[in-house]
4 protein chains.
Amino acid sequence: MIVEMRPSATKEEIEDVVRKATSLGFSSHLNMGSNKVVIAILGEITEQVPEESFTHLPGVITVAQICTPYKLSSREFKSEDSLVSVDGIEIGGKRVVVMAGPCAVENEEQIMAAAKAVKQAGACILRGGAFKTRTSPFSFSGLGEAGLRLLAEARERFGIPVITEVTDPRDVDLVLRYADILQVGARNMQNFALLTEIGRSKHPVLLKRNFASTVTEWLLAADYLMKGGNNRVILCERGVRNFEDHSRFSLDICSIPVIKRFSHLPIIVDPSHAAGHYLLVPAVAKAAVAAGADGLLIEVHPNPCKALVDGPQSLTPSMLTLLMEDLKSVAEAVGRYI
Amino acid sequence: MIVEMRPSATKEEIEDVVRKATSLGFSSHLNMGSNKVVIAILGEITEQVPEESFTHLPGVITVAQICTPYKLSSREFKSEDSLVSVDGIEIGGKRVVVMAGPCAVENEEQIMAAAKAVKQAGACILRGGAFKTRTSPFSFSGLGEAGLRLLAEARERFGIPVITEVTDPRDVDLVLRYADILQVGARNMQNFALLTEIGRSKHPVLLKRNFASTVTEWLLAADYLMKGGNNRVILCERGVRNFEDHSRFSLDICSIPVIKRFSHLPIIVDPSHAAGHYLLVPAVAKAAVAAGADGLLIEVHPNPCKALVDGPQSLTPSMLTLLMEDLKSVAEAVGRYI
Amino acid sequence: MIVEMRPSATKEEIEDVVRKATSLGFSSHLNMGSNKVVIAILGEITEQVPEESFTHLPGVITVAQICTPYKLSSREFKSEDSLVSVDGIEIGGKRVVVMAGPCAVENEEQIMAAAKAVKQAGACILRGGAFKTRTSPFSFSGLGEAGLRLLAEARERFGIPVITEVTDPRDVDLVLRYADILQVGARNMQNFALLTEIGRSKHPVLLKRNFASTVTEWLLAADYLMKGGNNRVILCERGVRNFEDHSRFSLDICSIPVIKRFSHLPIIVDPSHAAGHYLLVPAVAKAAVAAGADGLLIEVHPNPCKALVDGPQSLTPSMLTLLMEDLKSVAEAVGRYI
Amino acid sequence: MIVEMRPSATKEEIEDVVRKATSLGFSSHLNMGSNKVVIAILGEITEQVPEESFTHLPGVITVAQICTPYKLSSREFKSEDSLVSVDGIEIGGKRVVVMAGPCAVENEEQIMAAAKAVKQAGACILRGGAFKTRTSPFSFSGLGEAGLRLLAEARERFGIPVITEVTDPRDVDLVLRYADILQVGARNMQNFALLTEIGRSKHPVLLKRNFASTVTEWLLAADYLMKGGNNRVILCERGVRNFEDHSRFSLDICSIPVIKRFSHLPIIVDPSHAAGHYLLVPAVAKAAVAAGADGLLIEVHPNPCKALVDGPQSLTPSMLTLLMEDLKSVAEAVGRYI
């Protein structure tokens, strides 16, 4: 249920609404817009409460149900686009934000070479995994904290913020000491213990869509993050599973306009995991920008043939440089810039 | 198996190769390139025949197996892009060809209004169905030959070639008297009787991908058309089926670079059937052009609310006009034009 | 819309209802039950006609809408199970009917050996393809009419009815001269020209589910057959496509109770195409019978290693014999027999 | 890599092999069979080590690569079926083990009524969730430890072991104090932090297949559990996601014989989550037993209409009683008992 307050509503009037919600057993969540406040009243059975319970409170303009299952991430709760600011870079605005780097941090030489290349090519955020979710327990699973330290060093040296994955609720505090953006991988999209823990922080978080989840389930996972008070959520489409084997996953290009319609959160696209092969990455990246994505997350490796993880889908630095030129043209064609 | 001939090979030498193939129980198919001839030797067990059977024939440079299951539609058989020319419009070249119109021809007023709008917006081919494949036998299934006549009339009046679907092998001769391009719908992609019949004509044909077919199966269906001698094949991606319900199908954006890599045939995209909702169509259309599609097939209706078929996914004429402007910018951004 | 007549309704009263339907632009279809007649009124917009148009006609008990998109195949139209009788064998009754044989008729020796084995193992219908739908145009596509003649000969020699596929509407008349049951393959489930042609005959027909079609689309395809007046429809589940590659398709075991709930038509299962490997076939066959399938369609070949088509998924005759014993036990466990 | 030791191999010889593996940077895992020992040598690049490194060690019979990506859960590593014993009940043997109960523990009255019904119907393990993974953060998520205490009380009162889900690695110690079997839900199948934590315990664990995971990924998740030394792993198939909406998921019936072929672990089936509707549950349950499942996990609620979670797919106690009778017959038909 959404309670929209008059622009002139007092702090007291807002608190009255929250108190009323609490007395009915619900929690509430405030969206402090530039000229009005909207309060989401949240609980499993809010639809059983008559809207009149709130309509007549002072300062209230309208009361309405949120029709979608997801609430805090919905456009109904917040009509204007959300911007997530990371070290001065705004995600969700006019700029198309390119994040790039290797799948995994392997060693100092590799991550520094990658950071340099990424920066030179014009990307503005460095990606690199220290804790990897690997399908097999016998595969390389990342350098752990040593990898985080290397990322932090790259950030210092090249003046570029970093994004890295966190996979265990017990690691959240550790990872957010090093990372500018926490990444939740596709396999963990419904790891609710992890989401809840990240929700407690106010740290920017990138939430990848699980490869078999609907858009509705994805936005409900975002609600888990936002319920804890973390509004700095960036969505990331990375492809869904199907029967075709020329590409690793099938990028759901429609999800971009769908998210734009039903949610206020920014959405970026990972063309590398979707495509699964570097030759396909440029086409998918350009398509994503043309469709309205707010950014890209691209795998780049100084030497893909020697990559410990995901080599086949990684671009070389010179491929990235070429792609960035093309992406700039496409961004301009749709009224944005990189 | 592919036999590549010397540029200087004589007609006699080429015929010798064909005769040899015939004597081994195989058929052969010639690709007369600008400066050389390549001969595909086709049959179920060509890999069991030693390459030496052909290597030593006069005029032969190289003999190789085609590694993909599809042969005539493969890049291995024909390395340069194929262009399909329709009434002077080249599909597969620099120009991105936009085909637009209503799902079904309903009556004279509707198809003429549509044709006028399509032409004015800058699209260059008119679509409209006279024989419709409908999931229910109780739904409107098109006007049949009366619809074809209206299409032909629109072509005359507005000077715009037309594309229309054929669904029954017994109707091929009828439809090609009216249509500039025959369309094979997704449900008929593996209707091999229909494909074989169309293959006998030399008429341009648009082959939609079935919503549960792999790229390999799609190119094998193209081989059915080409085996009969019809090389004027245009592929059309229109989305595959999955679990997501915000869009009707999931457009396989990766299929565009995949087709460009493995086949010489042009590929266009139908954003309307993939998206299933007009609000999603522009984003998907722009993405397709950015990813390298050679054209688009867009549903437009003078009055979508009253459309007998597929109203929710149809653009109005004014939406099409706006979209065309955006598409021109995107096409230019990737080095093409509309 | 369904109009249920009193048990005592006269022929004249029934004709009045049909006439009324015709006058409103609808067609009608009669279900002559043992003690009452139900009339389906069919057309795209029957829900816009007030039920009162029929309620007050003499002989009418009730008028109701059919809620499902499919009509003639629905339980709402016909509440009792339909039995399809083939040469004295009833499909849809207590007996679980096993149809078995090779994917393709290859030559006289092979089909006679198969027929003998099938008969000896206790299966009661022989399968064998003369017109094959092959993904590649360069694969063996069946013996055509020569294959049909061999099937007919096997029927004579071993006293066993035969089922065989028809793939082209122009072949329907030919195939039904030889076959006891016409088979529509998965790829042709929505080949509406073919369905319409078969609907005109009154010949038993087995309609395979397409590997990417919903149950609703499948029953609508059955409606195409029944609309023409052919009520002798047998459904066949053969697996849907997904991402798993240990089996060729994923048999939708739930479709059996779903069909039993929403349709009156018999349903059998093809475990061979679903599994794609002979080792998996027995488990799937037993599961199908336990779940309530009315029969099975199993691939058996005298020498699977030399089969021209689908060898890996074919049982040998001795495997079939063993499986039949197990199937008998399972059938009894669920109150049926083989 | 697998090193098979002579039956007469000494402890010392076994230790030599393990030491050699360690010196090469690999870990090793012992399968102590009744008359021989097999040692798995595990690491990312074992295939790069010559088999000769081990062949000539004393006591070694053969050295071989494990061809599948999963190792410890593979039949190649352990050829005989694994039995998981829970409170005297063996899972994976002749008996088909039925686990039943409500989706969530709601209160004392409900869980006691459920436990009584489950016991009376002849099921031998009680299920009930205290920590629920819910798609929405605003849904009831279980009673937590209070729910565990109620489960433990039901176990005492009715003498029936209990299975319950654990969703957070930090809760593993807590949950295993109450539960006889830990359950890993489908959404957590690749929550590797959770798997690793459970792997450290030696507690029986039921690993549900994720609804978009392949059999290979599922067995690799089992390897995560086994790598830590926990061999008491039970697999549970509960359906994969597809486009059909009559059932909630599509039960992959083929996965049963596939698992039996490639793995030594027991496999049970959850028909309730797959079907999503109680009317479909009996058919799916019977199919699973006929196909060779070692057990079932069925949702039963004393009053499904009032269930807080998953009411539509829950059986009533009397439905369970009827189903158990049918399941006994089917189990006998395939040479097993309940």
Query raised in the report: Considering A:Ala287, A:Ala293, which residue is touching a residue at least 40 places away in the same chain (Cβ under 8 Å) and more than 29 Å from A:Asn107 (Cβ to Cβ)?
Result: A:Ala293
Query raised in the report: Yes or no: B:Glu106 over 21 Å from the mean Cα position of the chain (by Cα) and either assigned by TED's automatic domain parsing to the domain that holds B:Met319 or more than 26 Å from B:Ala290 (Cα to Cα) (or both)?
Result: yes
**Report entry** Answer residue from segment A:27-66, given it is in contact with an Asp or Glu (Cβ under 9 Å, 6 or more places away or on another chain) and outside any strand (DSSP E or B) and is surrounded by the fewest Cβ atoms within 10 Å (Cβ to Cβ) among those
**Finding:** A:Ser34
Requested in this report: Mind counting the residues in segment A:259-272 that are crowded, with 24+ Cβ neighbours inside 10 Å and either farther than 13 Å from A:Thr216 by Cα or facing another protein chain (nearest Cβ under 7 Å) (or both)?
Outcome: 8
Report task. Report, by residue number, each residue of segment B:135-154 that is among the charged types (D, E, K, R) and free of Cβ contacts under 8 Å to residues at least 40 places away in the same chain. Result -> B:Glu145, B:Arg149
Report task. Residues that are within 14 Å of chain A (Cβ to nearest Cβ): find the helices (runs of 4 or more DSSP H) completely inside segment D:121-222 holding 3 or more of those. Result -> D:172-178, D:192-200
Report task. Kindly indicate whether any position in segment A:40-51 is farther than 22 Å from D:Ser139 by Cβ, over 32 Å from the mean Cα position of the chain (by Cα) and acidic (Asp, Glu). Result -> no
Report summary line: Per the filter on segment C:285-338, residues of a type in the set (Gly, Ala, Ser) and under 21 Å from C:Ile163 (Cα atoms) are C:Ala285, C:Ala288, C:Ala293, C:Gly295, C:Ala307, C:Gly311, C:Ser314
Report task. Scan segment C:266-291 residue by residue and report those that are within 19 Å of C:Glu244 (Cβ to Cβ) and either β-branched (Val, Ile, Thr) or not assigned by TED's automatic domain parsing to the domain that holds C:Val97 (or both). Result -> C:Val269, C:Val281, C:Val284
**Report entry** Lone qualifier among D:Lys328, D:Lys286 - being touching a strand residue (DSSP E or B) at 6+ places or on another chain (Cβ under 9 Å), within 14 Å of chain C (Cβ to nearest Cβ) and either under 26 Å from C:Val284 (Cβ atoms) or at pLDDT below 95 (or both)
**Finding:** D:Lys328
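A quick yes/no check of all residues on (1) within 29 Å of D:Ala291 (Cα to Cα); (2) in contact with a helix residue (DSSP H, G or I) (Cβ under 9 Å, 6 or more places away or on another chain); (3) crowded, with 24+ Cβ neighbours inside 10 Å:
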site: D:Lys78; (1), (2), (3): yes, no, no
site: D:Val97; (1), (2), (3): yes, no, no
site: D:Met112; (1), (2), (3): no, yes, no
site: D:Ala146; (1), (2), (3): no, no, no
Report task. State the number of residues belonging to segment A:309-329 that are touching a Ser or Thr at 6+ places or on another chain (Cβ under 9 Å) and aliphatic (A, V, I, L, M). Result -> 2
Report task. Name the single residue, out of those in segment C:223-250 being assigned to a helix (DSSP H, G or I) and free of Cβ contacts under 8 Å to residues at least 60 places away in the same chain, that is farthest from the other protein chains (Cβ to nearest Cβ). Result -> C:Leu225
Report task. Scan segment C:102-109 and give yes if some residue there is of a type in the set (A, V, I, L, M, F, W, C), over 23 Å from B:Leu195 (Cα atoms) and surrounded by fewer than 20 Cβ atoms within 10 Å (Cβ to Cβ), otherwise no. Result -> no
Query raised in the report: Just wondering, is there one or more residues in segment B:310-324 that are touching a residue at least 60 places away in the same chain (Cβ under 8 Å), more than 8 Å from every other protein chain (Cβ to nearest Cβ) and out of contact with any strand residue (DSSP E or B) (no Cβ under 8 Å at 6 or more places or on another chain)?
Result: yes
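Among D:Phe192, D:Phe138, which is the only one that is modelled with pLDDT under 95 and either surrounded by 20 or more Cβ atoms within 10 Å (Cβ to Cβ) or in contact with a Ser or Thr (Cβ under 9 Å, 6 or more places away or on another chain) (or both)?
Of D:Phe192, D:Phe138, the one residue that is modelled with pLDDT under 95 and either surrounded by 20 or more Cβ atoms within 10 Å (Cβ to Cβ) or in contact with a Ser or Thr (Cβ under 9 Å, 6 or more places away or on another chain) (or both) is D:Phe138.
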Report task. Residue by residue through segment C:312-324, note down the ones that are part of a helix (DSSP H, G or I), within 24 Å of the chain's Cα centre (by Cα) and either at pLDDT below 95 or of a type in the set (Gly, Ala, Ser) (or both). Result -> C:Gln313
Report summary line: Exactly one of A:Val60, A:Val18, A:Val37 is in contact with a Phe, Trp or Tyr (Cβ under 8 Å, 6 or more places away or on another chain) and not assigned by TED's automatic domain parsing to the domain that holds A:His264, and that one is A:Val60
Query raised in the report: Quick check, is C:Lys20 basic (Lys, Arg), in contact (Cβ under 8 Å) with a residue 12 or more places away in the chain and in a loop (DSSP other than H, G, I, E, B)?
Result: no
Query raised in the report: Hey, among B:Leu206, B:Leu176, which residue is in contact (Cβ under 8 Å) with a residue 24 or more places away in the chain and crowded, with 22+ Cβ neighbours inside 10 Å?
Result: B:Leu206
Query raised in the report: Does D:Ile253 qualify as being in contact with a Leu (Cβ under 6 Å, 6 or more places away or on another chain), at the interface with chain C (Cβ under 9 Å from one of its Cβ atoms) and in contact (Cβ under 8 Å) with a residue 24 or more places away in the chain?
Result: yes
Report task. Report whether or not D:Ser213 is polar (S, T, N, Q) and in contact with a helix residue (DSSP H, G or I) (Cβ under 6 Å, 6 or more places away or on another chain). Result -> no
Query raised in the report: Looking at segment B:293-307, which of its residues are crowded, with 19+ Cβ neighbours inside 10 Å and either hydrophobic (A, V, I, L, M, F, W, C) or under 24 Å from the mean Cα position of the chain (by Cα) (or both)?
Result: B:Ala293, B:Asp294, B:Gly295, B:Leu296, B:Leu297, B:Ile298, B:Glu299, B:Val300, B:His301, B:Ala307
Query - Residue match in segment D:141-158 (condition: modelled with pLDDT under 95 and among the hydroxyl-bearing types (Ser, Thr, Tyr)) - result: yes
Query raised in the report: In the list B:Ile259, B:Ile198, which residue meets the criterion of being within 16 Å of the chain's Cα centre (by Cα) and under 19 Å from A:Ala275 (Cα atoms)?
Result: B:Ile259
Report task. Kindly list the number of the only condition in (1) surrounded by 16 or more Cβ atoms within 10 Å (Cβ to Cβ); (2) within 23 Å of the chain's Cα centre (by Cα) that fails for C:Gly159. Result -> (1)
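The values are calculated or read from the model by the stated rules, or taken from the named source; none is laboratory data. No experiment lies behind these values; they were computed from the predicted model shown. Note that each Cβ is placed from the backbone with ideal geometry, even for glycine, and that neighbours are counted across all protein chains shown.
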